[in-house]
Amino acid sequence: QQDGALAGKSVLVTAGPTHEPLDPVRYLANRSSGKQGYAVAAALADLGAKVTLVSGPTMLRPPAGVTFVACETACQMLACVKAAAPFDAAVCTAAVADWRPEVQAGQKIKKTGRDDVPAPIRLVPNPDILAEISAQGPQRPALVVGFAAETEKVVEHASAKRQRKGCDWIVANDVSAGTGVMGGDNNQVILITAQGNERWPHMPKEDVAQRLASRMADWFAEF
Ligand code: C5P
């Protein structure tokens, strides 16, 4: 893929987990290192795209040459995405928490005795950022890509997710125990489009990112 293949294209990447506070010291979250998303942002920028990386809390340094927007919760992530829209393309790699505690305590919830049982935590659904971005409308990016981490029936579940969320492509990966994908440096993915499924070889997350960026550039070249 030649340099500048995505020049002039604005691309959103969401990455990392979201943290949903219970109180000032505790939160609910999904496991996510942010590695795959940051690698996607870097690969798109390498092809000349104007990349906005909206990220939940991670230990990573933002890649050079991208506009970095830090957020914490799913609601904040959605607000940051909306504030930076519109985009020509979007790649949602974030592991957004599906639910958040209904109430966020203003002070640390105290343990008063050794046998204390905490009050049940009521959860309410978070916005689905990928589904909102994919919704038809004048601001919809021309190409919307989601990721799907699955632990079984990977293609079946990920294909259903592509339809349900209304995105164009899904990059599906098997994160079941023993694959080492979660938090690891390698990934093994299946690209699911309206045209079919393509299994890519086991490779470093950077290579998955470069291959995806290059596929996106090809798509825009034909679009
Ligand atoms: O968590 P789930 O398997 O539904 O995630 C699939 C895709 O949807 C991922 O691309 C993820 O970034 C996105 N997603 C989102 N907002 C949510 C849940 C998931 O953008 N609340």
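Count, please, the residues in the stretch 182-197 that happen to be in contact with a helix residue (DSSP H, G or I) (Cβ under 9 Å, 6 or more places away or on another chain) and either assigned to a loop (DSSP other than H, G, I, E, B) or away from the ligand (no atom under 16 Å from the Cβ) (or both). Full working, then the answer.
Filtering the stretch 182-197 down to residues in contact with a helix residue (DSSP H, G or I) (Cβ under 9 Å, 6 or more places away or on another chain) leaves 183-194, 197.
Applying the additional criterion that residues be either assigned to a loop (DSSP other than H, G, I, E, B) or away from the ligand (no atom under 16 Å from the Cβ) (or both) yields 183-186, 188, 194, 197.
Of the residues in that region, 7 qualify.
Tally time: how many residues in the stretch 102-130 are part of a loop (DSSP other than H, G, I, E, B), over 14 Å from residue 20 (Cα atoms) and within 16 Å of the ligand (Cβ to nearest atom)? It would help to see each step written out before you state the result.
Just the residues of the stretch 102-130 that are part of a loop (DSSP other than H, G, I, E, B), to begin with: 102-122, 126-128.
Next, from what is left, pick out any that are over 14 Å from residue 20 (Cα atoms): 107-120, 128.
Applying the additional criterion that residues be within 16 Å of the ligand (Cβ to nearest atom) yields 128.
Selection size over the stretch 102-130: 1.
Identify, from the list 85, 79, 90, 94, the residue that is modelled with pLDDT of 95 or more, more than 12 Å from the ligand (Cβ to nearest atom) and either within 23 Å of residue 161 (Cβ to Cβ) or of a type in the set (S, T, N, Q) (or both). Break it down into steps so the answer makes sense when it comes.
Numbers: 79 fails: either within 23 Å of residue 161 (Cβ to Cβ) or of a type in the set (S, T, N, Q) (or both); 90 fails: more than 12 Å from the ligand (Cβ to nearest atom); 94 fails: more than 12 Å from the ligand (Cβ to nearest atom).
Going through 85, 79, 90, 94 in turn, just one is modelled with pLDDT of 95 or more, more than 12 Å from the ligand (Cβ to nearest atom) and either within 23 Å of residue 161 (Cβ to Cβ) or of a type in the set (S, T, N, Q) (or both): 85.
Tell me, which residue of the stretch 1-47 that is hydroxyl-bearing (Ser, Thr, Tyr) and within 16 Å of the ligand (Cβ to nearest atom) is surrounded by the most Cβ atoms within 10 Å (Cβ to Cβ)? Explain how you work it out, then say what you get.
Going through the stretch 1-47, the residues hydroxyl-bearing (Ser, Thr, Tyr) turn out to be 10, 14, 18, 27, 32-33, 38.
Restricting the remaining residues to those that are within 16 Å of the ligand (Cβ to nearest atom) gives 14, 18, 27, 32-33, 38.
Details: 14: 31, 18: 29, 27: 19, 32: 24, 33: 19, 38: 26.
Going through the qualifying residues, I end up with 14.
Does the stretch 138-157 contain at least one residue that is within 14 Å of the ligand (Cβ to nearest atom), assigned to a helix (DSSP H, G or I), closer than 28 Å to residue 6 by Cα and in contact with a Lys or Arg (Cβ under 9 Å, 6 or more places away or on another chain)?
Within the stretch 138-157, not a single residue is within 14 Å of the ligand (Cβ to nearest atom), assigned to a helix (DSSP H, G or I), closer than 28 Å to residue 6 by Cα and in contact with a Lys or Arg (Cβ under 9 Å, 6 or more places away or on another chain).
Just need a number here: residues in the stretch 158-177 that are exposed (fewer than 15 other Cβ atoms within 10 Å of the Cβ) and either under 17 Å from the mean Cα position of the chain (by Cα) or in a helix (DSSP H, G or I) (or both). Working first, answer last.
As a first pass, look at the stretch 158-177 and keep what is exposed (fewer than 15 other Cβ atoms within 10 Å of the Cβ): 160, 163-164, 176-177.
Restricting the remaining residues to those that are either under 17 Å from the mean Cα position of the chain (by Cα) or in a helix (DSSP H, G or I) (or both) gives 160, 163-164.
Residues flagged as exposed (fewer than 15 other Cβ atoms within 10 Å of the Cβ) and either under 17 Å from the mean Cα position of the chain (by Cα) or in a helix (DSSP H, G or I) (or both) within the stretch 158-177 amount to 3.
Please go through the stretch 1-26 and give me each residue that is outside any strand (DSSP E or B), modelled with pLDDT of 95 or more and in contact with a Ser or Thr (Cβ under 7 Å, 6 or more places away or on another chain), ordered by number.
In the first step, residues of the stretch 1-26 are kept if they are outside any strand (DSSP E or B); the result is 1-9, 16, 18, 24-25.
Filter once more, so that each one left must be modelled with pLDDT of 95 or more: 5-9, 16, 18, 24-25.
Answer for the stretch 1-26, where residues must be outside any strand (DSSP E or B), modelled with pLDDT of 95 or more and in contact with a Ser or Thr (Cβ under 7 Å, 6 or more places away or on another chain): 16, 18.
Quick one: what pairs do we get from the stretch 139-151, first residue touching a residue at least 40 places away in the same chain (Cβ under 8 Å), second near the ligand (Cβ under 6 Å from one of its atoms) and part of a strand (DSSP E or B), C-beta under 9 Å, 6+ apart or different chains?
Pairs found: 144/92; 145/92; 146/92; 147/92.
The values are calculated or read from the model by the stated rules, or taken from the named source; none is laboratory data. Since we're looking at a predicted model, the values are computed, not measured. FYI the Cβ positions are ideal-geometry reconstructions off the backbone, even for glycines, and counts take in every protein chain you see.
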